[in-house]
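Here is the structure we will look at.
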Amino acid sequence: MFDPSTSWQILLALVAVSVLAKWMFTPPAELRHLPRVPILPLLWSYASGEVEDVRIKRLLLPFANEKGEGVVLVYALGRWIVHVLDHQIAKDLSDNISLWPKEEPPDAMLLWRFVGKTNVILSNGEAWTRHSHVVKSALTRNLPISEFVSLGKKLFKKMGNGGRIKWDDYTMRFTLDAVGSTALGHNFRAIEDDHSPFVAQYNEVMDGIASPLYIVFPKLEKWFPRREVIKNIDNLVNKFQKILEHKKENKGNDMLTYMLEEPGMTDEEYRDNMVVFFIAGHDTTAGAMSSFAYYLAKNPHIQKRAREEVIEALANDEEPDVTNLRKMNYVQACIRESLRINTPITYMVPRSSAQPVDVKASNGKTYYLPPNTSVILNITSIHHNEKYWPNAGAFIPERFFGKSEKDEIRVDASLWLPFALGPRQCPARNFAMYELRTLAAMLLLEWEWALPESSPHSDYPKNGFSPFALSLPKDMYIDFKRRTLPSK
Ligand code: HEM
């Protein structure tokens, strides 16, 4: 039977929900002049667990490619954030780090209990200058190519006779041991030991920190503290502290030893920077190596051409070193293209300025950004802008050649920013590029590989879900076959 009072209640409830939704999802008045991603598809994307790079290409990129916009507003984690889609704005913001410092991260988030806040990646101003100086001088002391070579050999031993290999797992093992031995002077035994206790503990900590519910509502950490996760984090931080204590007495040929030679840091600061090196140094490089092998598996003619270059450069059984790696321009272009097309860091840590700023895009459009607006430089969008990267979804290493293969890159440096731009760009980019180049050369020399038929990655690399803006291929199986080396 029709009951008018029930209908009124339903109507009132609907009105209340829509008023609440409008209040929650309407940008603040001072941001409403900016283009914005429609809220419903965005919420649906979050609710369905869509990964970041796919969401960006589907919902944000059309603002750059079809509407020629340089920025767009995106609702995330309870607020509206400006994403920068244009390389000129990204460059201007990156160059002026005093106007655009990094934003203070939410206090409650457990990631900061692990990483600490007294380190190079989160500090600003004078503190950042001090950290950055120590970190950069440690990174430039030596280029550990021979260490990468010996880890590559270990990895290939582990791969046995090849077959179907979960490549993203192997790249992670390689980069964990690379950052362990070269940055921290510590062997995590990730390659040889399937159950490395350190790696298991690290994974458990990161899985705990990455709980989607607590990422979306960091305040929950205060209201319902997760004692087990906190205990695990503190244990892991203690392990880093022990590595630090050991290193003070046992100097080596690693970045931590070099950092300890630079005065002016407290123990807490050394330790926090060690954790930063560890976190920043392995996932990213592993993702890049997974993407490299993936695109060469999908494009056998590119793999063949890259291999021919390696065979020529490593004539007489030479091992990779700075001189012969520099002769591998095509391999280098393949690595650059992998870092463009599936860039490991999807977007950067938010910046915000205390002053109002007008930013100007490369097409001349200007945007007014009020003070204290959260601004994110979106690397994936810039790497997929069709105006600057025609056929952006295709893997074309030749984009990085000038008139001939011998020429250096022709693209504007600010269009290719996997390592960010300006004074706060990745201080380890040279280190990471040589790590990638060494393993790529060794791989091409010793193995041939292909994607399994019916691979879930056959259309594009499927990245795993990451609350930390990382785009890393996940569960990527590749079929490897050992090559017969002519001289062995
Ligand atoms: C392919 C590998 C890598 C990529 C794509 C990459 C990318 C980046 C990006 C985009 C940033 C800027 C983040 C931001 O400002 O929001 C950054 C910063 C940083 N990276 Fe890397 N990185 C890689 C490898 C490494 C390695 C191997 C290490 C250390 C051994 C490292 C250490 C750092 C540090 C310390 C910073 C902070 C710099 C600062 O704020 O002054 N990265 N990296």
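Taken over the stretch 157-168, the residue count meeting the criterion of being part of a helix (DSSP H, G or I) and either within 16 Å of the ligand (Cβ to nearest atom) or surrounded by 17 or more Cβ atoms within 10 Å (Cβ to Cβ) (or both) is 2. Filter the stretch 73-122 down to residues that are of a type in the set (S, T, N, Q) and touching a strand residue (DSSP E or B) at 6+ places or on another chain (Cβ under 8 Å) and give me whichever is nearest to the ligand (Cβ to nearest atom). Going through the qualifying residues, I end up with Ser94.
Hey, could you check the stretch 189-210 for residues that are in a helix (DSSP H, G or I) and polar (S, T, N, Q) and say which is nearest to the chain's Cα centre (by Cα)? Among them, the one singled out is Asn203.
Total residues in the stretch 270-289 satisfying the condition of being farther than 27 Å from Ala440 by Cβ and either within 9 Å of the ligand (Cβ to nearest atom) or among the hydroxyl-bearing types (Ser, Thr, Tyr) (or both): the figure is 2. Where helices (runs of 4 or more DSSP H) sit wholly within the stretch 211-323, those with at least 2 residues that are under 30 Å from Glu398 (Cβ atoms), at pLDDT 90 or above and not polar (S, T, N, Q) occupy 267-298, 300-313.
May I ask you to verify whether Met259 is within 16 Å of the ligand (Cβ to nearest atom) and over 23 Å from the mean Cα position of the chain (by Cα)? So Met259 passes the test.
Only one of (1) in contact with a strand residue (DSSP E or B) (Cβ under 7 Å, 6 or more places away or on another chain); (2) within 16 Å of the ligand (Cβ to nearest atom) is not met by Thr182, so which one is it? (1) is the only condition that Thr182 fails. Criterion applied to Val331, Val322 was being over 30 Å from Val71 (Cα atoms) and surrounded by 20 or more Cβ atoms within 10 Å (Cβ to Cβ), and the one residue passing it is Val331. The set of residues in the stretch 111-136 that are in contact with an Asp or Glu (Cβ under 6 Å, 6 or more places away or on another chain) and farther than 19 Å from Arg351 by Cα contains only Val134. Could you tell me whether Lys136 is under 30 Å from Glu386 (Cβ atoms), within 14 Å of the ligand (Cβ to nearest atom) and out of contact with any Cys (no Cβ under 6 Å at 6 or more places or on another chain)? Judged against the criteria, Lys136 is not a match. Of the helices (runs of 4 or more DSSP H) lying entirely inside the stretch 1-118, those containing at least 2 residues that are aliphatic (A, V, I, L, M) span 4-25, 39-47, 61-65, 87-95, 111-115.
Going by the conditions given, is Ser98 hydroxyl-bearing (Ser, Thr, Tyr), closer than 28 Å to Asn273 by Cβ and either buried (at least 19 other Cβ atoms within 10 Å of the Cβ) or in contact with a Phe, Trp or Tyr (Cβ under 8 Å, 6 or more places away or on another chain) (or both)?
no
The values are calculated or read from the model by the stated rules, or taken from the named source; none is laboratory data. What you are looking at is a predicted structure, and each value in this text was computed from that prediction instead of being measured. Every residue, glycine among them, receives a Cβ derived from its backbone with ideal geometry; neighbour counts consider all protein chains shown.
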